[in-house]
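Please read the structure below before turning to the comments.
What follows is calculated from the coordinates using simple rules that are stated; it is not laboratory data. No experiment lies behind these values; they were computed from the predicted model shown. When we count neighbours, we look across all protein chains shown, and the Cβ atoms used for this are built from the backbone with ideal geometry, even at glycine.
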Amino acid sequence: MLLTIGGFGTIPALLVGLAALAVVILIGRIVLKFAWRLVVLAAVAVGVLYLLGLFGISVL
């Protein structure tokens with residue numbers, strides 16, 4: 001019934017679209033995992049530099 005409404009295409013086209021969406025989500029999860037680690041690392045580095053600056057140690 002849902003496929004007779006139109007605009008959805010055929011079953012193989014839907015399967016290809018769902019497979020492509022799954023690949024995009026999988027790649028996105030990997031990229032976000034890497035980006036999250038970079039953000040945490042940057043936050044720690046900025047915190048350490050800030051604390052060193054409080055004690056008068058100039059690193060940069």
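Between V31, V46, V23, the residue with the greatest mean-square fluctuation in the GNM of the chain (Cα pairs under 10 Å linked by springs) is V46. Between the helical axis of 11-54 and the dominant principal axis of the chain, each derived from Cα atoms, what acute angle in degrees is found, rounded to the nearest 10? Roughly 10 degrees, rounded to the nearest 10.
Exactly which chymotrypsin sites (Phe, Trp or Tyr not before Pro) in segment 8-55 are in a DSSP loop and have at most 10 other Cβ atoms within 10 Å?
Sparse-neighbourhood loop chymotrypsin sites (Phe, Trp or Tyr not before Pro): F55.
With a simple spin-label model that places each label point 7 Å from the Cα along the Cα-to-Cβ direction, the separation between R29 and V48 comes to 3.1 nm.
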